[in-house]
Every structure is written in structure tokens, then in C-alpha cells.
Amino acid sequence: MTSLKSYSELDMLNILITMCFAEKLPNSDNIFHQEGYRIISIDRTIQTSSGSIKYDLVLSSVSKNVTLCFELKGFKASNLSNDQLDRYKGLATDEYIGLAGISSPNSMNHELQTIIGINIENAIRVENYQIKEGYSFPILNFGSKSISLSFRSLKDTQLDERLLKSLSMQEKHPVFIYFDKESSLSDLAYRIIPKVFSYAKVDELTFTVDQIIDDVYCSVKELHRIIGPDVKKAVINKIKQLLKKMSQEEYKDFLSWDSKQQRWNILKINSESHHVTDMAYQRAAGTFIERLKSGAPFTIDKVVPEGQLSIFDFEEDIEHSL
């Protein structure tokens with residue numbers, strides 16, 4: 001079986017989260033919830049005697065006294081490192097569950113296991129790497145239509161049996177967390193630009209940074225609370241950077257920062273703004289995002305064909321005369 005889609009770490013994370021909900025979502029399998037697992041943390045760094053440990057996702061089952069720690073390697077899985085895997089290999093279970101705040105009826109007998117999540121086309125290469133370097137972590141393979149376990153067994157034998165059979169999966173999966181440390185400004189722009197427009201169209205013409213973070217970063221508040229603070233801070237800084245960039249470049253006539261009130265003000269677009277103004281805001285998205293991707297500098301095109309308006313020339317008196 002070959003994968004028609006190469007997943008990023010963020011894609012994999014969202015797929016696994018789907019499998020943890022109490023309510024079974026369409027075209028998904030909530031196998032982890034069925035087996036008694038609950039989400040403990042997402043991208044959270046724990047300082048241990050083995051060094052800094054940061055799993056992408058940690059699940060734990062009190063009834064089974066088992067914790068599953070996922071290290072996700074998206075795309076080509078080229079960032080596998082001995083240093084990281086050595087820390088996982090030498091990790092003391094009782095120390096980690098204590099520091100991570102994981103409940104256990106018997107910490108001395110608690111089972112903790114690291115699982116490497118990869119795109120299925122990388123399975124043989126990652127297996128060979130582990131054999132060569134002396135590791136024995138189970139591999140969770142993400143294919144275009146299924147997820148399966150390989151290389152080593154899970155300590156949870158019931159879950160192991162179910163994952164060995166492979167689970168069906170839809171290529172288009174739900175998204176709960178939209179950004180991570182690897183997200184680019186253009187990734188953020190695809191959600192933030194429409195969100196600002198949606199505020200304006202209901203006459204919500206000011207917003208705080210915290211407000212837009214809540215609206216665009218993570219759609220489930222319970223998940224937002226357990227995302228690691230270093231990852232959360234990195235994403236928040238990128239959102240702030242993007243808003244500032246918008247207000248200085250293509251969206252400089254649509255967005256301004258009120259330093260006194262610590263709020264962003266939306267200009268020119270509102271529930272009654274002219275469709276030409278609305279279209280100018282929306283057209284600017286294509287130019288802005290393409291520049292973010294290419295790294296091209298911002299320039300104002302002052303040469304506007306006769307009969308057309310630059311997106312920077314819309315004034316209210318002109319707008320209402322149209």
C-alpha cells in the first residue's frame with residue numbers, strides 16, 4: 001500500500017485527536033477513547049533527568065495503567081535523531097508520569113511507551129534506521145486511507161490487536177489545531193484574513209490579539225489549554241507578526257493598531273461597506289499571501305489604469321458615491 005498524501009506532523013496530530021473524542025466523528029474511528037485513553041498533553045516540554053522531553057501527543061489510560069507517547073515525523077521523516085530517541089529510550093517511567101501529572105493507580109507498574117508516527121512510505125527506512133541504531137519503538141503508519149501499526153508491538157495488547165488490522169481513514173480529516181511551530185506566516189494568513197473580514201461584516205470593528213488567537217488557533221478550548229506553552233507562545237508571536245505585517249503592507253488601509261486601547265481597528269469594511277471595497281480587501285489576500293510565500297518585498301503600484309482604483313485609494317466619500 002502506498003500513500004497518495006504526505007502528512008505533516010500537524011496533520012497527524014489532528015488525525016490522532018479525532019481518534020480520542022468521546023463522540024465518534026463521521027468517517028473516523030475513536031479507537032483511543034474506546035480503549036480508555038484520554039489526552040494528557042500536546043507539544044508540552046518536560047524537563048527530566050534524561051534531558052528535555054517533548055512528545056507531540058501524550059495519551060494515558062488510568063484503567064489500563066498505560067501511557068502512550070507519540071513522536072510524529074511528518075513528510076519525509078528526515079528529522080529523526082539519535083539524541084532525541086536516546087532520551088526517550090532512557091526515560092524513567094515513574095519520573096515522567098510524576099512530572100507530567102499523569103494519574104496512575106500503581107506508578108511502579110505503570111507502562112509508558114513511545115510510538116513514532118510517520119507517513120507509510122517511510123516505514124521501511126525508519127525500521128532500518130531503528131534496527132541499525134538499536135531502537136525498538138513501535139511505528140504508527142499513516143497512509144492515504146488507513147492507519148496501521150508495525151515493527152514492534154504495543155504494551156497494550158488489546159489496542160495492539162486492533163491497530164495491527166489497520167483502521168480505515170478518510171483522506172480529508174477534521175482539523176482542531178490549525179497551527180504549530182512549523183506553520184508559516186502564509187499558513188496563518190489563510191485563516192486570519194477571512195476572520196478579520198468576518199468581524200467587519202457583523203460590525204465588530206475592533207478586536208484584541210487574544211480574541212483572534214482564540215478564534216483561529218484551536219477550535220476546542222479543552223485542547224487549547226493543554227498545548228505546551230513554548231509552542232503556544234511561538235504561534236502567538238507569529239500571529240502578532242502577521243497582523244503587524246498586514247497593517248503595514250497590503251492591508252495598511254484596512255487595519256490599524258490602537259496602542260492605547262491595545263486593540264486592532266478594522267477600517268473601511270463593515271456590514272454596509274460597498275462591494276468594491278469588500279472585493280479590494282479580498283483581492284489583496286492573493287497578492288499578500290503570494291508575497292509571503294516568495295519573500296518578495298512590499299511595493300505600492302502607483303500606476304493604476306485609467307478607470308480603476310488601487311486598493312489604497314478607497315475613501316468613504318468615493319465609496320458611497322459608487
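Enter the angle in degrees (range 0 to 90, nearest 10) between the Cα long axis of helix 229-248 and the first principal axis of the Cα atoms of the chain, meaning the one along which they spread out most. In the chain, helix 229-248 runs at an angle near 20 degrees to the longest axis. Across the range 106-246, C-alpha contacts under 8 Å between residues 6 or more apart give a mean separation that, scaled by the residue count, equals a relative contact order of 17 percent. Here the relative contact order of the chain, from alpha carbon pairs under 8 Å that lie six or more residues apart, stands at 15 percent. The local environment of residue 107, defined by Cβ-Cβ distances under 15 Å, has a net charge of -2 under the rule Lys, Arg +1 and Asp, Glu -1. What is the angle, in °, between the Cα long axis of helix 185-201 and the longest principal axis of the Cα atoms in the chain? Nearest 10 is fine, range 0 to 90. That helix lies at roughly 50 degrees to the long axis. When the pairs 73/233; 132/172; 76/172; 73/132 are compared against a 25 Å limit on Cα-Cα distance, 132/172 fall above it.
In the chain, a dipole from Cβ-located charges (positive for Lys and Arg, negative for Asp and Glu) runs towards its positive end, and of 7, 299, 110 it is 110 whose Cα lies farthest in that direction. About its Cα centre, the chain has a charge dipole of approximately 880 debye under the convention of +1 per Lys or Arg Cβ and -1 per Asp or Glu Cβ, with nothing else charged. A simple spin-label model places the labels of residue 153 and residue 215 5.2 nm from each other, with each point 7 Å out along Cα-to-Cβ. Which FRET efficiency value, to the nearest 0.05, is calculated for residue 109 and residue 226 with the Förster distance at 30 angstrom and r the Cβ-Cβ distance? Rounded to the nearest 0.05, the efficiency is 0.75.
For the range 7-161, relative contact order (Cα pairs under 8 Å, six or more residues apart, normalised by length) works out to 19 percent. Grab the beta carbon distance between residue 124 and residue 99, set R0 = 35 Å, and tell me the FRET efficiency rounded to 0.05. With R0 = 35 Å, the Cβ-Cβ based efficiency is 0.50. Expressed to the nearest 5 percent, the antiparallel share of DSSP beta bridges inside the chain is 70 percent. Per-residue extension of 0.36 nm, minus the Cα-Cα distance of residue 294 and residue 237, leaves a gain of 18.4 nm for this segment. With the cut-off at under 14 Å, measuring from each backbone N in the range 19-35 to a point 7 Å along the Cα-to-Cβ line of residue 63 picks out 22, 31-35. For the chain, the longest principal axis of the alpha carbon atoms and the long axis of helix 9-18 meet at an angle near 70°. Ellipticity at 222 nm from helices only: DSSP H runs of n ≥ 4 in the chain, each -39500 (n - 2.57), divided by the residue count, give -11500 deg cm²/dmol. Annotation for residue 197 and residue 131: the two label points, set 7 Å from Cα along the Cα-Cβ direction, are 5.3 nm apart. A value for Cα Rg over 2.2 N^0.38 Å was derived from the coordinates, and within the list [x] 1.24; [y] 1.20; [z] 1.02 it appears as [y].
The length gained on full extension between residue 271 and residue 84, counted as 0.36 nm times the residue separation minus their Cα-Cα distance, comes to 62.1 nm.
A dipole drawn for the range 9-168 from +1 and -1 charges on Cβ atoms has a positive end, and of 58, 158, 48 the residue lying farthest that way is 158.
With a Förster radius of 35 Å applied to the C-beta separation of residue 260 and residue 49, the computed FRET efficiency comes to 0.15. Between the alpha-carbon centres of the range 170-195 and the range 217-258 there is a gap of 12 Å.
Computed from the coordinates by the stated procedures, all read-outs in this text should not be read as laboratory data. All values derive from a computational prediction rather than experimental measurement. Counting neighbours? That spans all protein chains shown, and the Cβs are built from the backbone with ideal geometry, glycine included.
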